[in-house]
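Step one of this worksheet: look at the structure below.
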Amino acid sequence: MATPTPQTAPTGGLRERKKQRTRDALIRAALELFTEQGYDATTVDEIAEAVDVSQRTYFRYFANKEDVAFAVQEMVEARFLEELSARPAAEAPLTALRSAVMVAWDEIGSAIESVIPLELHMRSYQMIESTPALVAVHLRRSSELEEQIARLIARREGLDVDTDPRPRVLVAAFSGVMRAAGKVWGEGPDCSVASIRELTESYLDHIGPAIAGDWRSHP
């Protein structure tokens, strides 16, 4: 059988790759505009124009500006949930959460960079944290994600999340640590995945001592 040439390659695959390139280009253009001139000041028309597509094409990929602002973060969260779901059943809940986030960060850097530069990802994080409209959305999305994680942990442990508070308590502590590490990373000079991974690992390692330890005798 002859090797397919670009002209005879399946059109479905080519079409999907083209759609993915358009989506990625819209994300990058939107985040660049948001970080340069502000989220509120940027219009959908400007984003579409930057990629040389119509407003109608934009809305095929994203329902509004909010969706594109959180597109990369959603990708990171999905990778974490995928890894958490695959963790061995014998792992303790906190160990499973810690392992999932570490493995996800090992792999997510290249995935982010396939869409936007990491430096733009950092600036976008800072932009979200300083934009009131997006902070509200971020808090809502975080709450929804925490509930999803708590229910996943409860299923792993054979618990009813609505009668046993432990999954939600654990996830609240875990999420608080993740937000603290992300804030420090977002305000720092190093935008590398290695930096956020190291900060995250260090902060997660302090959950136990911070809760149970004597801070005065063990700094």
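The values are calculated or read from the model by the stated rules, or taken from the named source; none is laboratory data. From a predicted model like this one, the values you see are computed outputs, not experimental measurements. Cβ: placed from backbone, ideal geometry, glycine included. Neighbour counts: every protein chain shown. Surface areas here come from the heavy atoms of the whole protein model, side chains and all, with no ligands, DNA or RNA. Shrake-Rupley method; radii C 1.70, N 1.55, O 1.52, S 1.80 Å.
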Subject >> Flag if Ile196 is open to solvent by less than 70 Å² (accessible area, probe 1.4 Å), out of contact with any Phe, Trp or Tyr (no Cβ under 6 Å at 6 or more places or on another chain) and either under 16 Å from Gln126 (Cα atoms) or assigned to a helix (DSSP H, G or I) (or both) >> reply: no
**OP:** From the list Glu144, Glu82, pick out the single residue that is in a helix (DSSP H, G or I), modelled with pLDDT of 90 or more, within 13 Å of the chain's Cα centre (by Cα) and surrounded by fewer than 16 Cβ atoms within 10 Å (Cβ to Cβ).
**Re:** Glu82
Subject >> Qualifying position, being closer than 23 Å to Arg87 by Cβ, open to solvent by 70 Å² or more (accessible area, probe 1.4 Å) and not in a helix (DSSP H, G or I), among Asp160, Asp190 >> reply: Asp160
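Would you confirm, using the coordinates I've provided, whether Glu113 is at pLDDT 90 or above, surrounded by 13 or more Cβ atoms within 10 Å (Cβ to Cβ) and of a type in the set (Asp, Glu)?
Here the answer is no, as Glu113 does not meet what is asked.
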**OP:** Please go through segment 101-116 and pick out each residue that is free of Cβ contacts under 8 Å to residues at least 24 places away in the same chain and either over 25 Å from Val68 (Cα atoms) or β-branched (Val, Ile, Thr) (or both).
**Re:** Val103
**OP:** Go through segment 85-110 residue by residue and tally those that are crowded, with 16+ Cβ neighbours inside 10 Å, modelled with pLDDT under 90 and more than 12 Å from the chain's Cα centre (by Cα).
**Re:** 1
Subject >> In segment 118-127, the residues that are modelled with pLDDT of 90 or more and not small (Gly, Ala, Ser) >> reply: Leu120, Met127
